[in-house]
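Since every read-out is calculated from the coordinates, none of them should be taken as a lab result. On a predicted model such as this, the values are computed, not experimentally measured, just so you know. Cβ placement follows ideal geometry from the backbone for every residue including glycine, while neighbour counts extend to all protein chains displayed.
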Amino acid sequence: MDILEFTKQAVESYVKTGKIISPHKELGEDFLNRKAGAFVTILKNKNLRGCIGTYMPTKKNIAEEIIYSAVAAASEDYRFGPIKKEELPSLSYEVYILDEPEMIKDMKELNPKKFGIVVKAVPLSFPTGIDVAFSGHLRIKSGLLLPDLDGVDTVEQQISIACQKAGINPLKEKITIYKFIAKKYR
């Protein structure tokens, strides 16, 4: 079974019936036996309609990661309302399977056409006497940008957009950048 058809089935089943499908054996061993982060992008007439995923695996295999990301992209993306049945015929899908992110040591390692990025910021100061690791006070802001996106041509644009998504001010907060490769299905 084609991964995009599988993604479409996951969305349509959830939108029409509220049911979450199970992985299909026809997907192949790689999708059923391997773990990886996955993002699902839903487009309506070539415009973004929803995009949600994980950069680290959270489910038992890639197939489940795709199912849950597809359902979330269709129903939980805060930028859009939930997808309605009438919209289903005009939707198309992209699926990204992510390699594990690795911290960069030098900006020269980045290339927005080849690598996606995750930016993370940790506040630089905390009130004295607070054990930030265990008190719930440690707030790590993070933002992700997938690779090879239209209109993102420079490393500076990529970092700026990822920081905006995370609510990070890179002029006032120290950031750590991770890069990852993503296999794109469209």
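Please give the length that would be gained between LYS60 and ASN169 if that part of the chain were fully extended, namely 0.36 nm times their separation in residues minus their C-alpha to C-alpha distance (nm, one decimal). Show your work: numbers first, answer last.
On the way: separation 109, 0.36 × 109 = 39.24 nm, distance 3.52 nm.
That pair, LYS60 and ASN169, stretches by 35.7 nm at full extension.
Once both labels are positioned 7 Å from their Cα atoms along Cα-to-Cβ, the gap between LYS113 and ILE20 label points is 3.9 nm. Here the average projected area of the convex hull drawn through the C-alpha atoms of the chain stands at 12.3 nm².
I'd like to compare 11-17, 50-56, 74-80: which one has the highest average count of other Cβ atoms within 10 Å, and what's the full order after that?
Numbers: 11-17: 16.6, 50-56: 20.3, 74-80: 14.7.
Output ranking for 11-17, 50-56, 74-80: 50-56, 11-17, 74-80.
What the Cβ-Cβ distance of PHE80 and ILE140 gives, at R0 = 30 Å and to the nearest 0.05, is a FRET efficiency of 0.70.
Figure the gain on full extension for VAL122 and SER160 (residue separation times 0.36 nm, minus the Cα-Cα span) and round it to one decimal in nm. Could you put the intermediate results ahead of the total?
Values: separation 38, 0.36 × 38 = 13.68 nm, distance 1.68 nm.
Full-extension gain reported as 12.0 nm.
Modelled spin-label separation between ASN45 and SER13, with each label point placed 7 Å from Cα along the Cα-to-Cβ direction: 3.0 nm.
Take segment 3-98, drop everything but the C-alpha atoms, weight them equally and run the Debye formula without solvent; then report log10 I(q)/I(0) at 0.12, 0.14, 0.17 Å⁻¹ to two decimals. Result of the Debye calculation: -0.32, -0.44, -0.65. Under 14 Å from a label point set 7 Å out along the Cα-to-Cβ vector of THR176, no amide N atom of segment 29-57 is found.
From Cα pairs below 8 angstrom and at least 6 apart in sequence, can you work out the relative contact order of the chain, rounded to a whole percent?
Values: 355 pairs, mean separation 41.7, N = 186.
So the answer I get is 22 percent.
Within segment 1-42, whose backbone N sits under 14 Å from a point 7 Å along Cα→Cβ of LEU88? Residues 6-21 fall inside that zone. For the chain, take the longest principal axis of its alpha carbons; what is the angle in degrees between that and the long axis of helix 155-166, to the nearest 10 within 0 to 90? On a 0 to 90 degree scale, this one is about 80.
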